[in-house]
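Working notes, beginning with the structure itself.
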Amino acid sequence: MRQKSSYSNKIFLLVLFFLIAGTIHSQPQKVCVASKAMVVSAEELATKVGVQILKKGGNAIDAAVAVGFALAVTYPTAGNIGGGGFLVAHLGDGRNISIDFRETAPKKSFRNMYLDSSGNFVQEKSLLGGLAVGVPGTVAGLILALEKYGSMSLTQVIQPAINLAEYGFPLSVSNAKMFNENRKYFQKFESSSKLFVKENEFKEGDIFYQKDLAKTLNNIQELGIKGFYEGEVAQKLVKCINQNGGIFQLEDLTAYKAIERDIIKGNFLDYEIISMPPPSSGGIALVQILNMMELIHEKNPNLDELEYYHSLIEVLKLVYAERAAHLGDPDFIDIPTEKLISKMYAKYQSNRITNQATPSKEIQSKLKDFFESEETTHYSVLDEFGNAVSVTYTLNSGFGSKLIAEGTGVLLNNEMDDFSAKPGVPNQFGLVGSEANSIEPHKRMLSSMTPTIVLKENKPYLIVGTPGGSTIITVVAQVILNKLLLKEDIETSVFKPRVHHQWLPDQIDIETDSISEELSSKLVERGHKIGRKRLLGLVEAILIEDGKIIGVSDKRGSGHAEGY
Ligand code: GLY
């Protein structure tokens with residue numbers, strides 16, 4: 001790791017900002033080939049912020065922290081300082097690390113807080129406004145990463161985000177569209193309306209200023225973690241959350257801690273997989289999927305398309321049933337991690353697969369479950385010092401709870417909805433709740449976020465992740481399977497249409513062209529049900545192969561890959 005620099009020339013950084021803002025492409029760059037370093041994120045300006053930090057000699061952690069703060073400004077649907085997430089990194093010295101900055105339930109939360117007097121789940125309360133908000137972890141997580149593994153100062157890495165908020169930036173088509181689509185929700189909150197609702201609709205090229213957010217970021221720049229979790233900003237957060245139905249106390253914020261956790265490690269073919277441990281289900285589930293697919297491939301290396309998809313779907317059902325039964329916050333429940341990710345267990349599980357679809361209700365008798373939404377964002381960073389960083393963070397739904405804390409510019413998450421609001425009883429989506437993921441004060445809600453790094457000979461080979469709620473795990477798994485097992489090139493591995501099964505509901509969701517009519521009929525003959533047609537994931541990946549670095553931003557989204 002490089003030494004910390006005391007350099008804090010804001011004028012220089014301002015010039016840098018205008019250089020970055022002045023080079024926006026009319027179309028984001030989906031594929032970029034480079035030789036030294038790469039950033040791939042869901043938004044072009046944020047990608048450019050990361051690239052500039054790397055070009056100034058920062059390492060991948062510095063760049064990842066800068067991108068995290070920048071996305072909070074330029075990609076407010078999911079980029080955030082009012083939410084939480086996970087960071088996985090492989091460092092140039094060979095260490096693998098992970099940082100958990102998932103939100104926690106506030107101290108006054110309780111198990112049945114989203115049920116009405118008749119015991120019915122009132123989902124609006126866990127999705128919109130103050131009661132939906134979990135204690136945000138992003139600021140603590142990014143600063144922990146920077147202090148422990150970065151080489152630059154907070155002043156340097158946060159300044160681009162401050163500039164983007166203070167001086168504004170031109171809205172992309174997709175940002176304008178997302179703002180307009182959520183207008184009716186923003187209108188419910190005065191503080192959110194001030195920023196996101198105007199007389200006419202937003203359009204591409206409108207300059208979007210966030211002066212309050214700039215002040216909050218300035219506060220963090222000056223005071224570090226205390227600039228968000230204590231003092232004026234914290235008071236404003238608590239006040240606004242509670243004025244809008246919440247149950248926050250100042251001590252919820254002062255007590256928040258980001259946590260370093262041991263990564264989940266697996267082996268797949270000749271590669272090593274490192275990914276996120278609980279409270280994300282991502283790492284464990286991903287390794288389980290890959291373990292079983294490896295065994296299936298070993299038995300039959302020439303699986304045809306029907307056998308491949310049939311096996312994959314059956315594996316996914318088994319894995320999501322385990323997820324529901326066993327996974328939650330490791331500080332509150334015991335998780336049999338070693339057993340779940342062992343090759344022995346994969347053998348036992350994969351032996352349950354026959355050539356007919358097993359109905360989901362027969363896969364697990366002790367059904368437990370979760371509910372998740374799909375708006376999240378992922379970014380991947382590689383530097384020239386051998387550091388690779390994979391970050392997935394989120395507000396949960398698009399724009400989270402839709403509530404901006406008055407005077408702070410901070411959009412607050414609705415992550416509380418990732419808990420099982422009513423354990424044991426199916427919710428409106430046909431999902432049943434899990435004891436492991438029930439609400440308790442200070443507990444972290446179960447996640448599916450799967451920031452992952454694949455290593456080859458202990459060097460970064462593939463950095464990958466995606467948003468997509470419960471589909472995150474299946475999307476990351478398919479990109480890895482496409483590349484490593486099916487030997488597709490990286491563009492195809494990311495762009496190729498995907499499928500998804502999460503055990504319940506018992507159906508295969510598909511993307512257009514993911515499976516042909518003929519294959520679909522054959523799967524149905526085997527007992528599978530074809531479910532919804534929908535978009536699955538927005539992958540941001542970097543491949544390092546044959547001396548080349550290839551950044552790929554999913555064609556499904558408006559993300560941007562850039563390197564040098
Ligand atoms: N909020 C989506 C997830 O954490 O999985």
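Apply 1/(1 + (r/R0)^6) to the Cβ-Cβ distance of Ser35 and Ser193, taking R0 = 60 Å, and write down the FRET efficiency to the nearest 0.05.
0.80
How high is the relative contact order of region 235-291, in percent, counting Cα pairs under 8 Å that sit 6 or more residues apart?
21
Within region 116-158, name every residue whose backbone N is under 16 Å away from a label modeled 7 Å from Cα of Gln249 along the Cβ vector.
135
Using a 1.4 Å probe, how large is the accessible area of Phe110, given in Å² and rounded to the nearest 10?
110
Using the per-residue mean of other Cβ atoms lying within 10 Å as a proxy for protection, in what order, highest first, do the peptides 50-59, 380-389 fall?
Put in order of decreasing packing, that is 380-389, 50-59.
Using a 1.4 Å probe, what is the accessible area per residue for the chain, in Å²?
I get 36 Å² per residue for this part.
Based on the alpha-carbon set only, what is the convex hull volume of region 87-148 divided per residue, in Å³?
Taking the convex hull of the Cα positions in region 87-148, it is 114 Å³ per residue.
Cut-off under 26 Å on the C-alpha distance; same-chain residues fewer than 8 positions from Lys548 excluded. Which lysines are left, in chain and number order?
Lys30, Lys36, Lys48, Lys55, Lys56, Lys265, Lys456, Lys459, Lys483, Lys487, Lys496
Which number gives the lysine pairs in region 139-205 that have C-alpha atoms under 20 Å apart and are eight or more places apart or on different chains?
Lysine pairs meeting both conditions in region 139-205 amount to 9.
For the chain, what is the mean residue ellipticity at 222 nm derived from helices alone (per DSSP H run of n ≥ 4: -39500 (n - 2.57); sum divided by total residues; nearest 500 deg cm²/dmol)?
So the helix-based figure for the chain works out to -10500 deg cm²/dmol.
Dividing the Cα radius of gyration by the Kirkwood radius, what Rg/Rh value follows for region 460-506?
That ratio is 0.99, to two decimals.
If you wrap a convex hull around the C-alpha atoms of the chain and split its volume per residue, what is the figure in Å³?
Expressed per residue, the convex hull around the Cα atoms of the chain is 132 Å³.
Taking the Cα centre as origin and putting +1 on Lys and Arg beta-carbons and -1 on Asp and Glu beta-carbons, what dipole magnitude results for the chain, to the nearest 20 debye?
I would put it at about 560 debye.
Round to the nearest 10 and report in Å² the accessible area of Val391, as given by a 1.4 Å probe over the protein chains' heavy atoms.
Looks like 0 Å² after rounding.
How many percent of the alpha carbon pairs in region 101-207 exceed a separation of 16 Å?
Here the long-distance tail beyond 16 Å is 74 percent of all Cα pairs in region 101-207.
Among 512-521, 293-302, how do they line up from the highest to the lowest mean number of other beta-carbon atoms within 10 Å?
Highest-to-lowest ranking by the protection proxy: 293-302, 512-521.
Under 13 Å Cα-Cα from Lys522, which aspartates and glutamates qualify once same-chain neighbours fewer than 8 residues away are excluded?
Cross-link targets: Asp304, Glu305, Glu307.
Determine Rg/Rh for region 231-383; Rg is computed over alpha-carbon atoms and Rh is the Kirkwood hydrodynamic estimate from the same atoms.
For region 231-383, the value is 1.09.
In percent, what relative contact order does the chain have, based on Cα pairs under 8 Å that are 6 or more apart in sequence?
RCO, the chain: 24 percent.
On the principal axes of its Cα set, how long, how wide and how thick is region 455-564? Give whole Å, largest value first.
48, 28, 23
Using 0.36 nm per residue of separation minus the Cα-Cα distance, give me the extension gain between Asp513 and Tyr209 in nm, one decimal.
Between Asp513 and Tyr209, full extension yields an extra 105.4 nm.
Of the listed peptides 247-259, 345-357, 193-205, 404-416, what is their order by residue-averaged count of other C-beta atoms within 10 Å, with the highest listed first?
404-416, 247-259, 345-357, 193-205
Assuming 1.306 mPa s and 10 °C, estimate D for region 237-298 with Stokes-Einstein, Rh taken as the Kirkwood radius over Cα pairs, in µm²/s.
For these conditions, the coefficient is 108 µm²/s.
For Glu232 and Lys148 in the same chain, what is the full-extension length gain: residue separation times 0.36 nm, less their Cα-Cα distance, in nm?
Length difference between fully extended and current span is 27.6 nm.
Which net charge results for the neighbourhood of Lys198, defined as the other residues with beta-carbon distances under 10 angstrom from its beta-carbon, given Lys and Arg at +1 and Asp and Glu at -1?
-1
Could you state the number of Å between the C-alpha centres of region 152-225 and region 243-315?
One Cα centre to the other: 32 Å.
Give me the percent of the accessible area of the chain that comes from carbon and sulfur atoms, probe 1.4 Å, all protein chains in place.
Carbon and sulfur: 50 percent of the exposed surface of the chain.
Obtain the nm distance between the two label points defined at Glu525 and Glu338 by a simple spin-label model: each point lies 7 Å from its Cα along the Cα-to-C-beta direction.
Here the modelled spin labels are 4.6 nm apart.
How much space per residue, in cubic angstrom, does the convex hull of the C-alpha atoms of region 152-235 take up?
105
The values are calculated or read from the model by the stated rules, or taken from the named source; none is laboratory data. Since the model is a prediction, treat every value here as computed from it, not as a measurement. Cβ sites come from the backbone with ideal geometry, for glycine too, and all protein chains shown count toward neighbours. These area figures cover heavy atoms from the full protein model, side chains too; ligands, DNA and RNA do not enter into them. Shrake-Rupley method; radii C 1.70, N 1.55, O 1.52, S 1.80 Å.
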